[in-house]
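The block underneath contains the structure these notes are about, expressed in structure tokens.
Since every read-out is calculated from the coordinates, none of them should be taken as a lab result. These numbers come from a predicted model, not from an experiment. Cβ: placed from backbone, ideal geometry, glycine included. Neighbour counts: every protein chain shown.
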Amino acid sequence: MLGLFGPEVVHFFEMTGNSLAFVSAKAKKPETDLKVRFSLVGYKAKHVDIPLKILESQALGKSHLSTGSIEMAPEHCKQLEELLYNYSTRPDLGEAARRSPRLPIGLKAISRELPGYNCVTTDISRHGVRLTCHGPVELGTKVQISLDTDLAALPNLTLNGRVVGCQETKDSRSHNKSYHISMDFAGLPAAQVETLDYYNRTLAGRLKGDVMQRQIADGEMTAGPSTGGAPLHLGAPPPPPPT
């Protein structure tokens, strides 16, 4: 909406380098200069105002997704990127707006920041994870989780992020309450990003493949060169990326 005493309040979508994407109620005209406001949760300032030049704008459901460029030094762009990913409010726009596909998987998750110190994942992507927990978690909470994977080559994942969504749900049979917690990954070092990419690629291949393909994806079986109809042979699992 348009603020009475400030720029239009929009929702952060993503940022790479000096390119920033946001969601607004109305389309933005390319090549125009404007200033937009992002609300912040859990930060000492309540919002941040960003001047930018609009590059493109497209319809996204009932909203519009616009991309603009920021005239800012690279080190300041990096600081702004970390600020927005860690503290800005972001909309859930459905599958069409996903930066990366959600892959359904139930993994045990352990964290000191979660109610009861443990929960279960419902899906994971390159950019975040959704969890089912015993209690609510405040938006903006920074969380470090350890995931027990089901891959022999990658026994666990330790990832940092922040909570961007919390929704109460109730089991229709037991009437017990639980909470769906959405968490965005943030501040991951290069080694963790590489490990996360490796896991998502492996999981995606396993979900799409047949039994034999899933065994190969999991590192349980390797395919050797075909020599006179020789069968597949068991081998060591492929090494995970460096941690």
Gln79 and Lys177 label points (each 7 Å along its Cα→Cβ direction) are spaced in nm at 4.1
Run the paramagnetic zone check for Asn156: 7 angstrom along Cα to Cβ, then residues of the stretch 107-122 with backbone nitrogen under 17 Å.
107-114, 117-121
Report the gain in length on full extension from Lys170 to Leu55: 0.36 nm times residue separation, minus Cα-Cα distance, nm rounded to one decimal.
37.0 nm
Need the full-extension length gain, His47 to Ala204, defined as separation in residues times 0.36 nm minus the C-alpha distance. One decimal, nm.
52.8 nm
Mind checking the full-extension length gain between Ala191 and Lys26? Use 0.36 nm per residue of separation minus the Cα-Cα distance, one decimal, nm.
55.5 nm
Can you tell me the convex hull volume per residue for the stretch 111-208, based on C-alpha atoms, in Å³ to the nearest whole number?
109
What is the calculated FRET efficiency for Tyr117 to Thr16, with r their C-beta to C-beta distance and R₀ = 35 Å, to the nearest 0.05?
0.55
Most exposed first by the Cβ proxy, i.e. fewest other Cβ within 10 Å, how do Ser66, Ser57 rank?
Ser57, Ser66
Charge tally for neighbours of Ala25 with beta carbon under 15 Å away, counting Lys, Arg as +1 and Asp, Glu as -1, is +4
Using a Cα-Cα cut-off of under 24 Å, which lysines could be cross-linked to Lys44, ignoring same-chain neighbours fewer than 8 residues away?
Lys35, Lys78, Lys142
Have a look at Gly17, Tyr85, His47 and report the one farthest towards the positive end of the charge dipole of the stretch 8-91, computed about the Cα centre with Cβ charges (Lys/Arg +1, Asp/Glu -1).
His47
Quick one: which residues, 5 or more positions from Ile105 or on another chain, have an amide H under 5 Å from its amide H? H modelled 1.01 Å from N in the peptide plane, none for Pro or chain starts.
Asp123, Ile124
